[in-house]
There are 2 protein chains.
Amino acid sequence: MNNILDKISNASDIKNLNSDELNSLCSEIRNCILTKVSKVGGHLGPNLGIVELTVALHYVFNSPKDKFVWDVSHQSYAHKILTGRKEAFQIEEKYKTVTGFTSPTESEHDFFTIGHTSTSVSLASGLAKARDIKGTKENIVAIIGDGSLSGGEAFEGLDNVAEFKSNFITIVNDNEMSIAENHGGIYGNLALLRKTNGTAEMNIFKALGFKYVYIEEGNNVNVLIEELKKIKDIDEPIVVHIHTLKGNGYSYASTYKENFHWTPPFDIETGKLIGVNSKETYKKTVINHITKKIDNDNRIVVINAAVPGALDLCEFRESHPEKYFDVGIAEEHAIAFSSGLASQGMKPIAFFPSTFIQRTYDQISQDLCINNNPAVIIVEGAGLSGSDVTHLGIFDIPMMSNIPNLVYLAPTNKEEVTAMIDWALEQTDFPVAIRISSSQIKELNHKLSLKYELNKFEKVVEGEKIAIIGLGNFFSLGEEVAEELKKKGINPTLINPRFITGIDEEMLTSLLDSHNTVITLEDGLLNGGFGEKIARFFGPTNMKVFNYGANKEFTDSVPLNELYKRYHLTVDQIINDIL
Amino acid sequence: MNNILDKISNASDIKNLNSDELNSLCSEIRNCILTKVSKVGGHLGPNLGIVELTVALHYVFNSPKDKFVWDVSHQSYAHKILTGRKEAFQIEEKYKTVTGFTSPTESEHDFFTIGHTSTSVSLASGLAKARDIKGTKENIVAIIGDGSLSGGEAFEGLDNVAEFKSNFITIVNDNEMSIAENHGGIYGNLALLRKTNGTAEMNIFKALGFKYVYIEEGNNVNVLIEELKKIKDIDEPIVVHIHTLKGNGYSYASTYKENFHWTPPFDIETGKLIGVNSKETYKKTVINHITKKIDNDNRIVVINAAVPGALDLCEFRESHPEKYFDVGIAEEHAIAFSSGLASQGMKPIAFFPSTFIQRTYDQISQDLCINNNPAVIIVEGAGLSGSDVTHLGIFDIPMMSNIPNLVYLAPTNKEEVTAMIDWALEQTDFPVAIRISSSQIKELNHKLSLKYELNKFEKVVEGEKIAIIGLGNFFSLGEEVAEELKKKGINPTLINPRFITGIDEEMLTSLLDSHNTVITLEDGLLNGGFGEKIARFFGPTNMKVFNYGANKEFTDSVPLNELYKRYHLTVDQIINDIL
């Protein structure tokens, strides 16, 4: 089946292939990717679209001497296949031997661990400047998708690189799509350039000072090779704008581009997902609640930065197009835009995955919180997970909870998340963020008041000796610990703190009378987090405080249950620790 | 003297002035600004250059119904003078009744508190969208300098606004300068547009989809009025590119643009600074040390994002142009660029003021720390200060110290800061940041070892009962507290922790034998900071922990000694608290 690929152990092996063999190789690579992703899920469309470019790059350039930096790097599967890692795509048992992103620990052909967007040009600019100072002569190639161009960091990188006086090749892989559809004025210019075969005078890349070439046949490996040969060893910055088809070669992926950008396992014949998980999620609960409210409240608008699918906003996008704003991959703008809207009495609700909210720290602090505009932020996917190192959801508490004025809420269950949205929308005193987990919604054993007053915790069970403060979706873990303690004859107090950003000093002080131990449980990083604030409060007292949460480390696809054990987050471990 | 200005109480009062009177008004405003800044310091060049535009805007538009959003807002002095705040510029006793930036608490003509760069278009976009949803018809005007255009947030904003289908006026105030000289490809395009009187086809704004006009005579109030009248009530997004002279009307400011961007008090006749403070600073010590090392180490390069003056890098810029990179206002790029350089064995040293490092959180986490490249970051101006609310230096510890892999160091004196630079440059295991204060370097009473091992604290004085952990430039405060305790018969242990990002568990555990109280002192925010990590460590023990630092609040120009009292940071208060 894989007549050509079988002979390829490393990238240099493709240099002797003829035109037909190169085409066959592309087909074989495409089949490898399609088969693997159909079985275990992954980024499909971006990888299918860029097979020919990847083969052409490795044919023309000499990796790793010449250095490729892949933006987001979710499109690096073909690159991995060609650089000694093909078995991870061919042999099911070895699927997990590679990550879904570039990784210097995997291969000398990878220069950075990348997973966030719009970073390639800036990262590669460091490689180029190091080369120039050392006086070597290799090619530096940044490959960036059109969607990534809307991110500020990409612009900052391009703006700087444009002034370099030496080799720097930026390949803009234009498949006319971000993760969802593109948003931003720059896409009008890309369309014009495609339409004019790159000849339009109005050219943002040329305006920045780049030399520019356009390649319409971005999925034709022989054309790409011919054109890239002309560019190799160029001694100035150039943008090579290539037009590709996202999902090329698999009709479902090229037709339903958004669905197949990243996909769970699916049936190749029908394009249908296999074993779809229909569990109830917080994000679905949130958007359903907002959808109900919006018809009676003209002030509400929904904002997100290019990830409607991940945030379950696609239905809302269709049903309320005039109240839905996808700003493109532009998290900074999303927050400033929300602040401006809120300053005028609107009720913007901006959705971010936890891992991407960190792309807009300064705007949260300056544009939003110093101005104290009552925008609402939903932070989704917050909490420990077995995710890739670049997509962890544990850093939002230390990042956000230490910014003045911001009220950060942690709902414990379905009823609470909707009550908190209501509270956030009704008040006008503060920006309010709500932290939701991507884990299954739990049924609690206790009933909550669902009435909120700033920084007031709720004592759900009044007990003695030990007080358990279970934050957000770790409240249910608190319930379990309490249950176990009861079996040991201790009747602990159980507290739902609700506010990540404040301390209920009155309630905590009252604990000193009848308690000697406080346990905090949070589904996030311990360092700089919620529990440490409790520890500081009780620091001068006799209260013993045990904080539970994640250690300060980058974990990469470590299974969740393993993390729980590592961080002593199982009921047995907690009971053992404190008794 | 101020014949025209005397008659102006509010912006609408200028609408009946004739051409000559408008010119006179501009002169009078300019004199007000020059006089005030010469006496108390402030942003001079940006304000002198934009007087005519400000008068023209208020003449043509109807503020506050029409809404002006000033980028950075350091150029809003004339706007303040025209909107009911002229006495704050005319009467010395009232100078302090206004801040140096726009402020909604001061005036209904100000829509945001702004102090960081590149935010105006995004913030104003929220005003525009709120207007469209409400169905009103006012003009939204964002005024942004050419320097600010290099920041990613500005691009994200422009890219989004370009697709609006309604009124949005972006005025690009092009004075051919950032704070220092401009850096980035976009400035080539601005130069081309100036040269061609705005007619060049190659036009980045048009490429993004904006309508565009160019006004060469940006300091001619009558021309500006004529042109702005044509644009008022436009029903689509437009960029109005105006050419102004930074420092216009005061020859020293228009000649020495960088020096007079922001200036301390000076003599108007000679342009010479009055009472220059020549105190020894950490930043000077750092750059002097690097300058000495660089001749023997070809790997070292220095990076900053558009603020060489604030970081004392101007001499280095002149002496080592090939090792100096000003990336423009592009902090995100600065970090990614540094990571790329470090990945190739270079030794980039990137300088940031504490208030601006927060503009690149995601890049520190993803581009730098996940990749664990050994770049060096200098965080200057860190610590409590009486600064404007938008330029506080207390948030860097919670922001940076909770990112895995990053080693954040806090030097206590001059010898230590150079020793830490040496250590940071010698090791290759981690990115290392060094936190320096803008306060005067203190002489310590104790001698330090200046030998570093990861996360190992130094016990400078071995005592008993009370242990004082004084971080960075608060170590000397620790010395003072120790001195006072001695007078009371207590011989405390004194510790220099050195590492903000780690805990010396061995040393802290050893304290349990002979101590019952630990005091932590840090020149920054308590929440999410260093002290809380110590409190968490001792949480399960009998040790009493007292954390000292700043409360979580935005303070605006509150004098430092007042903050010290408010936060119990005086020696007397600390002694009273713990005894």
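Summary table below
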quantity: Residue order, fewest to most surrounding Cβ atoms within 10 angstrom, among B:Phe101, A:Phe337; calculated: B:Phe101, A:Phe337
quantity: Spin-label model distance (nm) - B:Lys279 vs B:Asn296, 7 Å beyond Cα toward Cβ; calculated: 3.2
quantity: Farthest toward positive dipole pole in chain A [+1 Lys/Arg, -1 Asp/Glu at C-beta], among A:Gly135, A:Leu448, A:Ala154; calculated: A:Gly135
quantity: Rh (Kirkwood; distinct C-alpha pairs) - the range B:21-263, Å; calculated: 17.8
quantity: Amide hydrogen neighbours beyond the local backbone of A:Phe168, cut-off 5 Å, H modeled; calculated: A:Glu236, A:Ile238
quantity: 7 Å along Cα→Cβ, label-point gaps from A:Thr570 to other copies, nm, shortest first; calculated: 5.5
quantity: Length-normalised contact order for the range A:458-578 - Cα pairs under 8 Å, 6+ apart - percent; calculated: 26
quantity: Karplus 3J(HN,Hα) series, Hz, for the range A:363-370 with 6.51 cos²θ - 1.76 cosθ + 1.60 (x for Gly, Pro); calculated: 6, 4, 5, 8, 5, 9, 7, 4
quantity: Other copies of A:Lys15: label-to-label distances in nm, shortest first, labels 7 Å along the beta-carbon direction; calculated: 7.4
quantity: Rel. contact order, % - alpha carbon contacts under 8 angstrom, at least six apart, the range A:140-180; calculated: 66
quantity: 5 angstrom amide H check on A:His261, placed H, neighbours 5+ away; calculated: A:Gly45
quantity: Translational D in µm²/s for the range A:257-327 (Stokes-Einstein at 4 °C, 1.567 mPa s, Kirkwood Rh from C-alpha pairs); calculated: 94
quantity: Rh by Kirkwood over Cα pairs, then Stokes-Einstein D for the protein assembly as shown at 0.890 mPa s and 25 °C, µm²/s; calculated: 80
quantity: Amide H partners (placed H, <5 Å) of A:Lys544, local residues excluded; calculated: A:Thr517, A:Val518
quantity: Tail weight of P(r) past 20 Å, computed on alpha-carbon pairs of the range A:488-579, percent; calculated: 40
quantity: Gyration tensor over alpha-carbon atoms, the range A:282-435, equivalent ellipsoid semi-axes in Å; calculated: 20, 18, 16
quantity: Compactness of the range A:359-401, expressed as Rg and Dmax over alpha-carbon positions, Å; calculated: 12.2, 37
quantity: Label point 7 Å beyond Cα of B:Thr35 along Cβ direction - residues of the range B:230-270 with amide nitrogen under 18 Å; calculated: B:249-251, B:265-270
quantity: Mean-position separation - Cα centroids, the range A:132-160 and the range A:399-473, in angstrom; calculated: 42
quantity: Which of A:Asp326, A:Asp71, B:Asp13, B:Asp159 has the fewest Cβ neighbours within 10 Å, and the rest in rising order; calculated: B:Asp13, A:Asp326, B:Asp159, A:Asp71
quantity: Mean projected area (nm²) of the alpha-carbon convex hull when the range B:333-412 is viewed from all directions; calculated: 5.2
quantity: Relative contact order of chain B, defined on C-alpha pairs under 8 angstrom at six or more residues apart (%); calculated: 10
quantity: A:Glu322 versus A:Glu217: modelled label distance in nm, points set 7 Å from Cα along the beta carbon direction; calculated: 4.7
quantity: The range A:82-90 - phi-based ³J(HN,Hα) in whole Hz, Karplus 6.51/-1.76/1.60, Gly and Pro as x; calculated: 7, 10, x, 10, 5, 4, 5, 10, 9
quantity: Given charges at beta-carbon only (K, R positive; D, E negative), |dipole| of the range A:282-435 in Debye; calculated: 140
quantity: Minimum Cβ-to-axis distance in chain A for the rotation onto chain B, with residue, whole Å; calculated: A:Gly152, 1
quantity: Estimated inter-spin distance, A:Glu226 and B:Glu426, nm [label 7 Å along Cα→Cβ]; calculated: 5.9
quantity: Volume of the Cα convex hull of the range A:200-274, divided per residue and given in Å³; calculated: 135
quantity: Centre separation in Å (Cα based) which lies between the range A:507-553 and the range B:54-129; calculated: 44
quantity: Electrostatic dipole magnitude of the protein assembly as shown [Cβ: Lys, Arg +1; Asp, Glu -1; Cα centre; debye, to 20]; calculated: 400
quantity: Across the identical copies, how the B:Leu450 labels are spaced - nm, sorted shortest first, 7 Å along Cα→Cβ; calculated: 6.5
quantity: P(r) of chain B over all Cα-Cα pairs, binned every 20 Å from zero, in whole percent; calculated: 20, 48, 27, 5, 0
quantity: Leading residue at positive end of dipole, the range A:282-435 (Cβ point charges), from A:Thr355, A:Leu341, A:Ser385; calculated: A:Ser385
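Throughout, read-outs are computed from the coordinates displayed, never taken from laboratory work. These numbers were taken from a predicted model, which means no experiment stands behind them. Every residue, glycine among them, receives a Cβ derived from its backbone with ideal geometry; neighbour counts consider all protein chains shown.
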